[in-house]
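These notes concern the structure reproduced below.
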Amino acid sequence: MNARDTVALFKLIAKEIEDNKTYLTELDTAIGDADHGINLSRGFGAVLPKLEGEFETVGEVFKTTAMTLISTVGGASGPLYGTFFLKMAGALGKAEIDLSDFVGALEIGIEGVKARGKAQKGEKTMLDVLIPVLDSLKNAATTGIPAKDAFDEALQAAKDGCEYTKTIIATKGRASYLGDRSLGHIDPGCMSSQLMVKAAAAFLGGKA
Amino acid sequence: MVSLVLLSHSLKLVEGIRDIIGEMAKGIPLFISGGNGTGGLGSDYAQIKDILHQAYRPEGTIILYDLGSTVMTAEVVMDELAQDMKSTIKISKAPLVEGSVVAAMEISGGAPLTDIMEALTEMELVK
């Protein structure tokens, strides 16, 4: 995957977020402050024109996306996804990356999210999707299956992770104020992360 | 003099606290940021970046905040600062309203950063 592919991938992610803007906000209305879809849609809407620039490395595309999200989202998902993509950018300073490069960057990105949100797995946050996705991709990278198949498996891990958040109580973020009333609801941040994995799987599927 | 930065999801909230502080401690270096910059609730990276630069004092800066995501935005800004500047900024988990009043009174009395942080630590919330 090169910088041009990365631009195409982020455009697909932006579309996925836009298409699910209302759904994400509905999830956030149930257990948050009812703005996740609106905020991310504003953020990725601002990312799109920035993707028209020239990029030499994959990391530059990630960095541009990250800085734009940080500047424009306005909610918690701004600094969280911003930090996530920014940390990944630092590990992707190459013109062309493979699955193992991506897995390495993803691991660093997840560490960034943990530090920024002072969160771990099992607290009903985006980490409950991102960490299973990392584990799945790590496993796929060692078996040497094509990236497209790896992301299909990762998408299933993301879906399972989202479903899992229904069964746990939020201990981080706005939903934590609800106590056990957050049970039975999908975490909106998990869903937006799942949508990004879905876009990546669709992108790689389309390429193959 | 130590500077004080108040961050909130709501501009009205920090404007109100500024009014309260103004009655008691005039003339302290006080900076506020509330809302997403376009009139809505949330946080505004550009504004927080701007006021953290304005608030810079060699004596130190204290940040008080209401909910988690405002402070995450401040931490993103802080990560971009040079270490010597970053090390002058302390984030307190004291309650925003009461912590602001305590910090403002301490600052107006000329207290050093460590003493003010000590007073605020006793008030800390889980957040």
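Bear in mind that the values in this text are calculations on the coordinates, not laboratory data. None of the values given here were measured: they were computed from a predicted structure. Note: ideal-geometry Cβ built from the backbone for every residue, glycine included; neighbour counts use all protein chains shown.
Taking only Cα atoms and a 10 Å spring cutoff, compute GNM fluctuations for chain A and point out the largest among A:Thr143, A:Thr22, A:Thr165.
Checking each option, the largest mean-square fluctuation is seen for A:Thr143.
Residue by residue through B:73-82, how many Cβ atoms from other chains fall within 10 Å of the Cβ on average?
4
I'd like to compare A:41-49, B:68-76, A:174-182: which one has the highest average count of other Cβ atoms within 10 Å, and what's the full order after that?
B:68-76, A:41-49, A:174-182
Using only atoms on other chains, find how many Cβ atoms lie within 10 Å of each Cβ of peptide A:115-125 and report the average.
Counting other chains' Cβ atoms within 10 Å and averaging over A:115-125 gives 1.
I want to check the label-to-label distance for B:Ala46 and A:Lys166. Put each point 7 Å from Cα in the C-beta direction and report it in nm to one decimal.
Using points 7 Å along Cα→Cβ, the separation is 4.2 nm.
Is the shape of segment A:60-130 rounded, prolate or oblate, going by the alpha carbon gyration tensor and its root eigenvalues a ≥ b ≥ c, with a/c under 1.5 for rounded and a/b larger than b/c for prolate?
Taking the square roots of the gyration eigenvalues as a ≥ b ≥ c, segment A:60-130 is oblate.
How high is the relative contact order of segment A:3-207, given as a whole-number percent (alpha carbon pairs under 8 Å, six or more residues apart)?
21 percent
How many percent of DSSP beta bridges within the protein assembly as shown run antiparallel, rounded to 5?
That works out to approximately 5 percent antiparallel.
What is the distance, in nm, between label points placed 7 Å from the Cα along the Cα-to-Cβ direction at A:Ser100 and at B:Thr38?
4.4 nm
Could I get the Rg over Rh figure for segment B:37-127? Both from C-alpha atoms, Rh via Kirkwood, rounded to two places.
0.96
Let me have the 222 nm mean residue ellipticity of chain A computed from DSSP H runs of 4+ only, each contributing -39500 (n - 2.57), with the sum over all residues rounded to the nearest 500.
-23500 deg cm²/dmol
Which value, to two decimals, describes the C-alpha radius of gyration of the protein assembly as shown once divided by 2.2 N^0.38 Å?
1.04
Could you sort A:80-92, A:115-127 so that the peptide with the highest average Cβ count within 10 Å comes first and the rest follow in order?
A:80-92, A:115-127
Tell me what chain B gives for mean residue ellipticity at 222 nm when only DSSP H runs of n ≥ 4 count, each as -39,500 (n - 2.57), the sum divided by the residue total, rounded to 500 deg cm²/dmol.
For chain B, the value works out to -15000 deg cm²/dmol.
Taking a 21 Å limit on the Cα-Cα distance, which of the listed pairs A:Lys121/A:Lys148; A:Lys124/A:Lys159; A:Lys121/B:Lys127; A:Lys114/A:Lys172; A:Lys87/A:Lys114; A:Lys11/A:Lys138 fall beyond it?
A:Lys121/A:Lys148; A:Lys11/A:Lys138
Within 10 Å of each Cβ in peptide A:68-75, how many partner chain Cβ atoms are there on average? Round it to a whole number, please.
So the per-residue partner count for this stretch is 6.
So which aspartates and glutamates can A:Lys94 reach, going by Cα to Cα under 18 Å and dropping same-chain residues fewer than 8 places off?
Result set, ordered by chain and number: A:Asp5, A:Glu54, A:Glu56, A:Glu60, A:Glu107.
Mind pulling the angle between the C-alpha long axis of helix A:21-31 and the longest principal axis of chain A? Nearest 10 degrees, somewhere in 0 to 90.
Around 40 degrees separate the two axes.
So what's the angle, to the nearest 10 degrees on a 0 to 90 scale, between helix A:58-72 and the longest Cα principal axis of chain A?
Tilt relative to chain A: about 30 degrees.
Let me know the Kirkwood hydrodynamic radius for segment B:49-97, please, with Cα pairs as the basis and the value in Å to one decimal.
Hydrodynamic radius (Kirkwood, Cα pairs) of segment B:49-97 is 11.2 Å.
To the nearest 0.05, what FRET efficiency results for B:Met24 and A:Glu56 with a Förster distance of 51 Å applied to their C-beta separation?
0.40
Under a 5 Å amide H to amide H cut-off, with H placed in plane at 1.01 Å, what residues pair with B:Gly60 once short-range neighbours are removed?
B:Ser3
Can you give the angle from 0 to 90° between the axis of helix A:36-50 and the longest principal axis of chain A, with both taken from C-alpha atoms, to the nearest 10?
20 degrees
Can you give me the C-alpha center-to-center distance between segment B:46-108 and segment A:76-140, rounded to a whole angstrom?
For segment B:46-108 versus segment A:76-140, the Cα centre distance is 27 Å.
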